Structure formats: C-alpha cells, structure tokens
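To keep things clear, I will list the structure first and then write my remarks on it.
None of the figures in this text is laboratory data; all of them are computed from the coordinates on show. Quick caveat: nothing in here was measured; it's all calculated off a predicted structure. As a convention, Cβ positions derive from the backbone with ideal geometry for all residues, glycine included, and neighbour counts pool all protein chains shown.
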Amino acid sequence: MKVVIVGNGVAGANCALAVRQRDSSADITMIGGETDYFFSRTALMYAYMDMMSRRDLEPFERHAWQRQRINCVRGWVTDHDASARTVTVDGAKTYDYDRLVYAVGASANMFGWEGIDDVKKGVVHFISMQDLDECESLTPSTRRAVVVGGGLIGIELVECLRFHGVEVTFLVREPWYWPMAIGEEEADFVTRHMRDHGVDIRLSEEMTKVEHDAEGRVSRVHTSAGDVIDCQMLGVCAGVRPNVARLKEFRDPPPIDRGIVVNEFLQTEDPNIFAIGDCAQIHTDEGDPYIESIWYSAKRHGILTARNLYGERAAYRRPIFFNSSKFFEVEYTTVGDVMLAPEGSQTIYLKHPKRDLSVRIVHHDGAVIGFNMLGSRWDHEILERWVQERRDPEWVLTKLRAAQYDVEFGRAPLRDLVRSDLPLTDQPRSLGAA
Ligand SMILES: Cc1cc2nc3c(=O)[nH]c(=O)nc-3n(C[C@H](O)[C@H](O)[C@H](O)COP(=O)(O)OP(=O)(O)OC[C@H]3O[C@@H](n4cnc5c(N)ncnc54)[C@H](O)[C@@H]3O)c2cc1C
C-alpha cells in the first residue's frame, strides 16, 4: 500500500509511525514544507527563549525515520490530481498514492485592520518555524512590540519578547484575558502576574490601525482607546484556522468548508482520502461539526487513521478535553467543559488568599463536568476519570489532593483555599481567541 501524508506535524508524523507499526511493507511518504523533520510546535517558545535548540524540538532522532522506512520529503504540495491519484511537490515531482492523508495544520487568523496590508516588515505570527526565524531576526532591533489576541499563543509570544527585554503592549479585545478558557477570577491574577513581568496589558482594547516607516516596517499601532503606540514589531495572535487556502488552488481540492470535511472515520467523500489534525472539520451524528486545534487530538487522529486507511471503520470520538500550559510561571491545567459549559452550570471556585493558586470545579446536574486549575500541577487523567464517572462535586472536593501532581516541589496548600460558589451564567460566551 502506498500512503502519502501531506504535512509532517504531530498528526502526520503519528499517522506515519502508526501505519508502519501496522504494515511492515507499506510504502510511506510524508511531505512537509516547513521543516525537514517533525518538531514539537508547542515548544516553539523555548527555542525563542534560547532554552532549547531547534534540533531539541524534534521528539525523534532523525535516523528513526530512516529506520522506520518513512520517506521524509521536504517541499510544499502544490497540486493534487485525484483521478491520477498523485500529488505534486513544488510544482515538479509527483508522488502517487493508494491512500492520501491531509495533515496540513492551521494558519493564523488575519483581520482587515486598516493599514496592515501596506506593512512590509515587522508583522509576525507565532506558529511556524519561519515565524520563529522572523521573530528572532527582528528582536535585536525591537525596543517595543505590540501583541494582539488574548489567547495562549499570544501570551507565549509576550513571554518570549519580555525574556529578550522587549517592552510589550498586549492588546486584549475582551474584558479579561482569554474568556474562552478561564474565568474572570483567574484572569485577574494572571493579568496581575503579567503586569509584574512588566507587560503593559490592556483589556477591552483592540488595534484599529497600523502605520509603517519609510522602509515599510511597522512603526505605530492605533487602538480603540484612542492611543497610538510606537513599536517596531507587531505580533498577530488572534486565533488560528485550518490551513486550507492553498489547497483550494489544486486541480482536485478535497471538500473544504471551514476545514477539510471528513466523517467520523476522518475520511473525505473520496474513500481513499483522509484529513486529520487541525485542518479537519469533523462531521458526526453526535452533534455539530467541529474542528479541534489541539495537540493531543491531532495525535489521536493520526493514530486512528492508520487503522482506517486499511479499511477498518474505527470511529473518532471526541475525547474529554484536556490541555495544560503555563501563563509565565503560573501552571495551568484544564479538563472537560469549563467556560463553554452548558447553560445552568455551576462552579465551585477556590482561591488561595495570598498565592496565585486556584481551583475551579464546574458541575451540571449534580455531576462534575470540568476543571480549571491554576498555579499547581495536576494529574489530568484522574480529573478526566472523575468527569467520566460523573462524580458529585462535593465528593471530588474531598478527593482533590489525590490528583495533585507537584510532589517534588511540595504540594500547593489546598487547605488554605477560600471557597465561593458561583453561577457560570455571565460569561462572555461568544468572545475569545484560540
Ligand atoms: C505556539 C503554539 C503553542 C501551542 N501550544 C499548545 C498547547 O499548549 N496545547 C495544545 O494542545 N496545543 C497547542 N498548540 C496547538 C498544536 O500545536 C496544534 O494543535 C498541533 O500542532 C496540530 O498538529 P497538526 O499536525 O494538525 O498540524 P501542524 O502541527 O500545523 O503541522 C502541519 C504541517 O503541515 C505543513 N503543511 C501545510 N501545508 C502543506 C503543504 N501544502 N505541503 C506540505 N506541507 C504542508 C505545515 O507547514 C506544517 O508543518 C500550540 C500551537 C502553537 C503555534
């Protein structure tokens, strides 16, 4: 069987490895335009902060791909002929397939801010290796940067810039930082934490216009509060969307709506063509179509698809949501439904009076449905199990310590937390960036 995978991110790489595990004679080609080898995108910030080399970002030794007999091709797929079953790389070489897997990831959202199209230099995203190169080359000549978009990627870029001594203004359109994921209570101390790190974070303030200097480099940003900020770099981190624009130019593009349309087997309407990871728009009979822009799901898609390429009908079931990250030094673990919980959900919120440490337990109809934990490390598998088992929130409170993870630093003192019970009704549900 000839399997061609377009994209060598976590979805594509895991699919390739899972195909090899299943079929020792498969002919596997994985094509990536961004880098020669799969790297950990979530660790990009550590390369920017000089804590890891680019090579350190690669989870596998390079010879592993050779040993696994996975043909890693560097180049951009520029065309697809479905009737000939071929894809073309960089307008030249073609590769034929029995099964084709699109794993082309996500790209940055851009909005029509006045003046932005005229800027030739200084506007960056923080998604790809090329973005990292660009950020690094601009940093030494940047005194102040403006970052727009109050989500996870935005705060990571802010942290990197502060690490390099760049003054940063962080424009967050929403009334508090990342309302799609964290509550106002947590956002209050995350915001204070950012300010302690010298970040000029502005809430409910957005960019309205961009100016550039004589060389075309960004020079000023205007905001909705009427302020004008001098800057030499502008980070646009206003969420991501499936990276499908280029695919629309192909002779035979896959079916595209917001992402590549697939069914519960991650298969397009052509049974030989699949789409996985951030680019897949999944349609099942379980509810509305959805796109998952998270690492762990992309990995699961890849592994599952290796089965479906061989005719199995293994349906993808959306897992209980889990993510973990850091807001500067503040640890963050989230499980299940929190800010996008169903109407009528309640939250038990516990906060340490002095430390940046909080626990949010969201429950609905007497059962726990989600957790947001800040300032301490947690075993997400235990939290997921409690959601799955529909545990009573009061029972969970008595067991909470069992899910705490940070034994090596001494457990965060849960007994000192102060409890409040809040409705989860007044959240700005429609706001937020990914
Ligand atoms: C800075 C940052 C931090 C993040 N942190 C987290 C986190 O903490 N937790 C979390 O769950 N998720 C996080 N994410 C999201 C996570 O990285 C993505 O969900 C995941 O990488 C998606 O994997 P993928 O394989 O679908 O796509 P990608 O990793 O985007 O890989 C797709 C690859 O395909 C290539 N490609 C695209 N088109 C073509 C073409 N035509 N020809 C050849 N190659 C092509 C792309 O260049 C890319 O290399 C973060 C993302 C970023 C940018």
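Below is a table of values for the structure above.
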item	result
Antiparallel content of DSSP bridges confined to segment 210-330, in %, to 5	75
Exposure proxy ranking, count of Cβ atoms within 10 Å, fewest first, for CYS279, CYS135	CYS135, CYS279
Axial C-alpha extent at least 15 Å, average Kyte-Doolittle at least 0.5 - helices from the chain (DSSP)	152-163
Lys pairs under 18 Å by Cα in the chain, provided they are eight or more residues apart or on distinct chains	5
Compactness of the chain as Cα Rg over 2.2 N^0.38 Å, two decimals	1.03
Under DSSP loop assignment and at most 16 Cβ neighbours within 10 Å, longest trypsin sites (Lys or Arg not before Pro)-free interval of the chain	144-250
Footprinting exposure proxy for MET233, MET52 (fewest neighbouring C-beta atoms within 10 Å first)	MET52, MET233
Exposure proxy order (Cβ contacts within 10 Å, fewest to most) of VAL146, VAL330	VAL330, VAL146
Antiparallel bridges, percent of DSSP beta bridges restricted to the chain (to nearest 5)	60
Amide hydrogen neighbours beyond the local backbone of GLY235, cut-off 5 Å, H modeled	VAL124, VAL146, VAL147, VAL148
Gained length - LYS121 relative to PHE163, 0.36 nm times residue gap less alpha-carbon distance	12.9 nm
The chain: calculated mean residue ellipticity at 222 nm from DSSP helix runs of at least 4, using -39500 (n - 2.57)	-6000 deg cm²/dmol
For the chain, with +1 on Lys and Arg beta carbons and -1 on Asp and Glu, the positive-most of SER24, SER345, SER420 along the dipole	SER24
Virtual spin-label span in nm between GLU114 and TYR296, 7 Å along Cα→Cβ	4.4
About the Cα centre, charge dipole magnitude for the chain (Lys/Arg +1, Asp/Glu -1 at Cβ), debye	1020
Cut-off under 5 Å, modelled amide H: who pairs with GLY370 long-range	ASP337, VAL362
Most positive-pole-ward Cα, PRO255, TYR290, GLY277, against dipole of segment 250-308 from beta carbon charges	GLY277
Segment 322-422 - Debye-derived log10 I(q)/I(0), Cα point model, q = 0.22 Å⁻¹	-1.22
Amide hydrogen neighbours beyond the local backbone of ASP90, cut-off 5 Å, H modeled	TRP76, VAL77, THR78
Zone of ASP90's modelled label, taken as backbone nitrogen in segment 18-44 under 15 Å from a point 7 Å along Cα→Cβ	31-37
